[in-house]
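K.L.:
To start, I am sharing the structure in question, which I have written as structure tokens.
Laboratory data are not the source of any read-out in this text; all were calculated from the coordinates shown. Keep in mind that what you see is a predicted model, and the values were worked out from it rather than measured. Cβ: placed from backbone, ideal geometry, glycine included. Neighbour counts: every protein chain shown.
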Amino acid sequence: AVADAAGDVFKMVYRIVGRGTALMALKRQGDPITVRGPIGTGFFSSRGERPLPEKVILAGGSVGAAPLLFASRKLGLPRIAGTVMGVSGRGWEGFAEWLKEAFPGTALYSDDGTVGTKGTVLSGLPDTLPDDTEIWACGPQGMLRALAAKYPREGERIMVALESRMACGMGGCLGCVIPTIHGNRRVCVDGPVFSAGEVKWNDLSSS
């Protein structure tokens, strides 16, 4: 995911999960790559005519924190009500350090307590969401599903950036289709940002 951009330079954060990301990891400074985009919706473009909320809580799991950094820079500090980040634990110490540098003052959680506080991202979120506040989240499907379940009546104020394996990334292969209340949608071009209330979580295959 794009973590930051300035001028003609952008930064990406990714985890090696398959052949494509493994090939990316072999690249060295100066190697050429081809990039096509931007494609799909972001936390801002997905809103349509809806105004920005007064406050936003950023919630990121693992490498899902990356697009939230980009969003936070565009939001500006006055609108950010808090940041909550989570990692699995052991083996993620280096990434956790990056999170603390990228999101000063963030509440950091890990499943095993190796870094930050033992718990999950949901541990750091309020039980009740203030009326003027939205949550913008990105992370593993299980985390986003649990987030939607935590706030069942606030689905329109929970914006989630879904992760999905993509073959083409341009909407042609239909490999990243998810069920929503509006019918099937492609994560790559119709998303990746949706409101939690429009995703049919019970019909979504686990990953």
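K.L.:
Multiply the residue gap between Leu23 and Ser164 by 0.36 nm, knock off their C-alpha separation, and tell me the result in nm, one decimal place.
P.N.:
In short, 48.9 nm is gained.
K.L.:
Quick check on the chain: of the DSSP beta bridges with both residues there, what percent are antiparallel, nearest 5%?
P.N.:
Numbers: 12 of 35 bridges.
Once the DSSP bridges in the chain are tallied, antiparallel ones form about 35 percent.
K.L.:
Something else now. With n ≥ 4 as the cut-off for DSSP H runs, can you work out [θ] at 222 nm for the chain, using -39500 (n - 2.57) per run divided by the number of residues, rounded to the nearest 500?
P.N.:
-5000 deg cm²/dmol
K.L.:
Among Phe43, Phe103, rank each residue by its count of other Cβ atoms within 10 Å, from fewest to most, as a rough exposure measure.
P.N.:
Neighbour counts put them in this order, fewest first: Phe103, Phe43.
K.L.:
Same structure, new question: Pull up all non-local amide H partners of Cys173: gap of 5 or more, or a different chain, and H-to-H distance under 5 Å with H placed in the peptide plane.
P.N.:
For Cys173, the qualifying residues are Cys168.
K.L.:
Once Rh is set to the Kirkwood radius over Cα pairs, what Stokes-Einstein translational diffusion coefficient, in µm²/s, holds for segment 1-140 at a temperature of 25 °C and a viscosity of 0.890 mPa s? Let's see the in-between values first.
P.N.:
Details: Rh = 16.4 Å.
The Stokes-Einstein estimate is 150 µm²/s.
K.L.:
What is segment 1-119's relative contact order, in percent, from Cα pairs under 8 angstrom and six or more apart in sequence?
P.N.:
20 percent
K.L.:
Hey, another quick one. List the residues whose amide H sits under 5 Å from the amide H of Gly197, counting only those 5 or more places along or on another chain, with H placed 1.01 Å from N in the peptide plane.
P.N.:
Glu156, Ile158
K.L.:
Then there is this: Under the Karplus relation 6.51 cos²θ - 1.76 cosθ + 1.60, θ = phi - 60°, what is the ordered set of whole-Hz ³J(HN,Hα) values for segment 125-132, x standing for Gly and Pro?
P.N.:
9, x, 5, 10, 8, x, 4, 9
K.L.:
Quick one: 3J(HN,Hα) in Hz for segment 142-157, Karplus 6.51/-1.76/1.60 with θ = phi - 60°, rounded, Gly and Pro as x.
P.N.:
Per-residue couplings from phi come out as x, 5, 5, 5, 5, 5, 4, 5, 5, 10, x, 9, 10, x, 6, 10 Hz.
K.L.:
Give the cross-link partners of Lys118 among the lysines, using a straight C-alpha distance below 29 Å as the criterion and excluding same-chain residues fewer than 8 apart.
P.N.:
Lys55, Lys100, Lys150
K.L.:
Taking amide hydrogens as modeled 1.01 Å from N in the peptide plane, which residues meet the under 5 Å criterion relative to Lys118, leaving out close sequence neighbours?
P.N.:
Long-range HN contacts for Lys118: Ser110.
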